[in-house]
Amino acid sequence: MESEAVENLKWICPLAEPSEEPLMRVILVQGDSEMTQRVRDLLGRAHDVVVAHRPTPDVDGADIVVMVWPTQPQGRDGAARLVTSLGHGRCVVVVPFGLTADRLGIVDAGVDYIVDPYHPLELVRRVEFLGEGIRTRRAPVWRAGDLTLDEGARIVERGGRPIDLTRKEFDLLRQLVRNCGLVQERSVLLDAVWSSRDYNENVIEVTMSSLRQKLEARGPRILHTVRGVGYVCRVEQERAEVLSNLVSERDSLIQDRQRLMAHRRELMEEARARRSGGSRAGRTDDR
């Protein structure tokens, strides 16, 4: 019956279709051999599944760990120790239905589990749900013109060349780049960077001055002062491009209007000519 469920997964679960690029890298910790094979068949349809034979898989780049429960019951304390030894931020344990004590131990360790037997779609969706949570928590990379800010690695580059920043300089730049084009008030910057509004606002100006010197040694100014309010990240080159596009669009509209006006004059002249011709023909008939 399980094999039929696996075969039918193609129409039950579209996300489990094989794909050229796997959605996630899954570490599958082997337990009961039959259960392990079923889980591998299910998840392997759409994800990169690596089978590990130890409870502490040392594999880089894993999005999620799926553990198949051993053949022998572990008991409540043993189960808690076993899942804790996985050493990964997000795990799903596949555990047989009858092992109540083992399931309690898994809960004690704060790890998610799914009971076997299960519906194939339930396992796939549970794993992908946790995996999506991990992906959304990955630190993003922000760009403003030729500047790149990698939050996770805490690396700032401009024109492909790294810039060495202090912790506060990086945090201040991150807040402004995250909200590129939006003015950040000084009180907002104190909350976001210094975690308190009790600081004197001069601390922002000092940090900003140092940050600007480092950034502007590699390119034009992108951090601007909004007097009486705060600061904003604004890429002047992009503004120039927008202005240029608006000017081009305006010129195009002017040309279209001129063509329409010329066409209108032609139509008016034709109408006058027809009226004039009709008047002359009327006078000839009178004679």
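Every read-out reported here was derived from the displayed coordinates using simple, explicitly stated rules and does not represent laboratory data. Remember, predicted model here, so these are calculated numbers, not experimental data. Methodologically, a virtual Cβ is constructed for each residue, glycine included, from the backbone with ideal geometry; neighbour enumeration extends over all protein chains shown.
Here are some notes:
- The label point for E34 and the one for R250, both projected 7 Å from the Cα toward the Cβ, are 7.8 nm apart.
- For D116, the residues whose amide H sits under 5 Å from its own are V95, F97, ignoring neighbours fewer than 5 places away on the same chain, with H placed 1.01 Å from N.
- Counted charge near R76, where neighbours are those whose Cβ lies closer than 11 Å (Asp, Glu -1; Lys, Arg +1): -1
- Per-residue packing, averaged as other Cβ atoms within 10 Å, sorts the ranges 219-231, 174-186 into the order 174-186, 219-231, beginning with the highest.
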